[in-house]
Structure formats: C-alpha cells, structure tokens
1. For the structure I just gave you, tell me whether residue 322 is under 25 Å from the mean Cα position of the chain (by Cα), at pLDDT 95 or above and within 20 Å of residue 61 (Cα to Cα).
2. Working only within the stretch 145-160, note down all residues that are farther than 19 Å from residue 341 by Cα, under 21 Å from the mean Cα position of the chain (by Cα) and either free of Cβ contacts under 8 Å to residues at least 24 places away in the same chain or buried (at least 20 other Cβ atoms within 10 Å of the Cβ) (or both).
3. When the residues of the stretch 108-125 are narrowed to those that are more than 18 Å from residue 78 (Cα to Cα) and surrounded by 20 or more Cβ atoms within 10 Å (Cβ to Cβ), which ends up modelled with the lowest pLDDT?
4. Give the residue, chosen from 311, 307, that is under 16 Å from residue 272 (Cβ atoms) and in a loop (DSSP other than H, G, I, E, B).
5. Take residue 329 and tell me if it is out of contact with any helix residue (DSSP H, G or I) (no Cβ under 9 Å at 6 or more places or on another chain) and either buried (at least 19 other Cβ atoms within 10 Å of the Cβ) or more than 27 Å from residue 154 (Cβ to Cβ) (or both).
6. Can you pull out the residues in the stretch 111-144 that are in contact with a strand residue (DSSP E or B) (Cβ under 9 Å, 6 or more places away or on another chain) and in a helix (DSSP H, G or I)?
7. Based on this model, can you work out whether residue 343 counts as touching a helix residue (DSSP H, G or I) at 6+ places or on another chain (Cβ under 6 Å), at pLDDT below 95 and within 30 Å of residue 56 (Cβ to Cβ)?
8. Among residues belonging to the stretch 23-49 that are in contact (Cβ under 8 Å) with a residue 12 or more places away in the chain and in a helix (DSSP H, G or I), point out the one that is surrounded by the fewest Cβ atoms within 10 Å (Cβ to Cβ).
C-alpha cells in the first residue's frame, strides 16, 4: 500500500513538471546575440542629455490652428507620450480658430532658436513653406517629425517621420454618403462638395477629391450615376466657397442648385458651416451631409441630425506617436517610421462614444 502511495505521488509530481514545461514552452529569456532583453530595454545613458545636455528631453509641437479645439486631443496625446518617457512637451500653435500657417511659421522660426529644444514636431498644411525650418533644425542637430497635414515635398521627406491620416480615407465618407442616399430612397439630385483652395491646404484638396471619386464610383457601381450631378468644382478639389463666410456660402450654394440631396465638407472650417447651412435651409434629416473631424461643433451637429456623419482622424495618435518617434530616433536611431491614423466614421448611433478619454 505504501509503495502504491509513493508511486502515485511520483506520478503526480511528474505530471505537474510536464504541465509546467508545456506552459512555458516557447518562452525566450535572451536574444540570439546573447544579451538580455531586460538590459536591452533600458534607455541609453546619454539620451536625456541629447542636444541641450540639460538632463531632460524637451520637444515642441506646433500646429496651424490651436483656436478651434481640433488639436486639443493632439496635445493630450503628446502630453501622455511625454509623461511616459519623462520628456517636457511644449504645446504651441496659432491662436486662430481657422487655418493660419503664417502664424505657425512665425512660431516655428522662434522655437527653432530655443537652445533647450531637443526635438520639433510640426503640422505642414502649406506645401513648400517649411524647408527653411527643417534646414535650421538640422543645422542645430534637432530632429524633426511632422504630423496631421502632409507635405510630400518637404526637405528630407524620406528621413522625416510623419503621423497623419492619408487623404484617401475621405473615401469612407463618400461611400457612406452613397449608402445614405440608398437608405433614404433618394433617386436623383445634386451632391455638392464645398471647399476653398485659397486656404492653401493641399491635404484638404486631396480629401475632397477622394470623397468625390468614391461618390462617383459608388453611384456608377449602383447604376445610378446619370441620375445625380456630383460637383466638386472644375478640379474636383471643391466648389469654391468663401472660407471667411462659409455658412452663407453653402446656403447660397444650396439655394442656387435647388435640388441638393448630398454634401461633403473636408475640414474643420467647412464641416460646422455645412451643418449650420443644413439647419438654416430646413434640410435636417432630408439630405445626406458628411464632414470631417469630431470637434464639439461636429458632435453637436451629428446629435441634432444636421450632419449625417463625420470622419475622425484619430488626432490623439497625431500627438502621441510623433513624440514617441522622436524619442526612438534619439534613443534607438529609428527614423521616419510613418503612422497612418486612417479614419473613424461617426454617426448619430455612435457619437455618444466619442471623446470619453479625450481621444477624438
């Protein structure tokens, strides 16, 4: 009997060892090169003394409009990233509620001279206007990252990381607009895409074009293109509308066409204006109106039905990732790791979930 108990205990212990071995199967304690991952994960000794040599990394993030709330979650994301790596983040930008690249460039020219700056993050809505900033930063040994708007011609583009939404994501709104028309049983009418190339934001121009192409494709695939007039202006970058008085401009556009059943606006200037125009003309719920960004005005308009939906470009990531990118470039030598933040379509059914943690 004693022998049986001993054998049973031995079998149980053996079973436990085998199960532990199976549970740990595939575990990796060290690199093939022989070093430990624990050691390799530590920050480099000289990272905190990069450039300014003051024992702390300081990054500046400069945007082209800090006055309308869109960039608030960008600044939140940058602050979260700074807290994670122990960096100081300077939150800067034009005070204007509308796009103001000239003021942004003025701020950039000042901040690039600051001896405490270890890294620079900037939006680049005006193509070709930032090369001197990049030259000045590189001459001082300050790494640069761009966020939000994309300038494909910027100096050393291939060596500069970018975080932002590719303009092609606007196709999501175009596809949603076509579906909305079908759901409402709308069989004909005008679809307008108001905008302004005078603002000099090529990213917005590309968004309008992408939305236009998606609308045309969707209607064509449904065999209904001939019944609709889709108008995004002569270059498909938007019907020229005064950015200084966008509401009246869109109201006039609606009234001049007389049969508007759908609309798309490509930025934070024209989207709230589109919602107000829809309300003023009594078209709430009657047309399919889509826009861009998820600021307070857009969220209120979606809740009221003045906007059918809007695309969020996940701006939290547009602040968080470039800070991490610069840190990795300084600490690990990892440069130009781009991030496409894509688009999040928000409608009346989902708008209540937006902004719970300042992420949109």
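The values are calculated or read from the model by the stated rules, or taken from the named source; none is laboratory data. Since we're looking at a predicted model, the values are computed, not measured. Cβ atoms come from the backbone with ideal geometry, glycine included; neighbour counts cover every protein chain shown.
1. Values: under 25 Å from the mean Cα position of the chain (by Cα): yes; at pLDDT 95 or above: yes; within 20 Å of residue 61 (Cα to Cα): yes.
For residue 322, the condition - under 25 Å from the mean Cα position of the chain (by Cα), at pLDDT 95 or above and within 20 Å of residue 61 (Cα to Cα) - is met.
2. Initial filter on the stretch 145-160 (farther than 19 Å from residue 341 by Cα): 153-156, 159.
In the following step, the residues that additionally are under 21 Å from the mean Cα position of the chain (by Cα) were identified as 153-154, 159.
Residue satisfying the conditions is 154 alone.
3. Once the filter is applied, the top-ranked residue is 125.
4. On the way: 311 fails: in a loop (DSSP other than H, G, I, E, B).
Checking each option against the conditions leaves just 307.
5. Working: out of contact with any helix residue (DSSP H, G or I) (no Cβ under 9 Å at 6 or more places or on another chain): yes; either buried (at least 19 other Cβ atoms within 10 Å of the Cβ) or more than 27 Å from residue 154 (Cβ to Cβ) (or both): yes.
Here the answer is yes, as residue 329 does meet what is asked.
6. Listed by number, the residues that qualify are 111, 133, 134, 137, 138.
7. no
8. First, pick out the residues of the stretch 23-49 that are in contact (Cβ under 8 Å) with a residue 12 or more places away in the chain: 43-44, 47-48.
Narrowing the set further to residues that are in a helix (DSSP H, G or I) leaves 47-48.
Numbers: 47: 17, 48: 19.
Checked the stretch 23-49; the qualifying residue surrounded by the fewest Cβ atoms within 10 Å (Cβ to Cβ) is 47.
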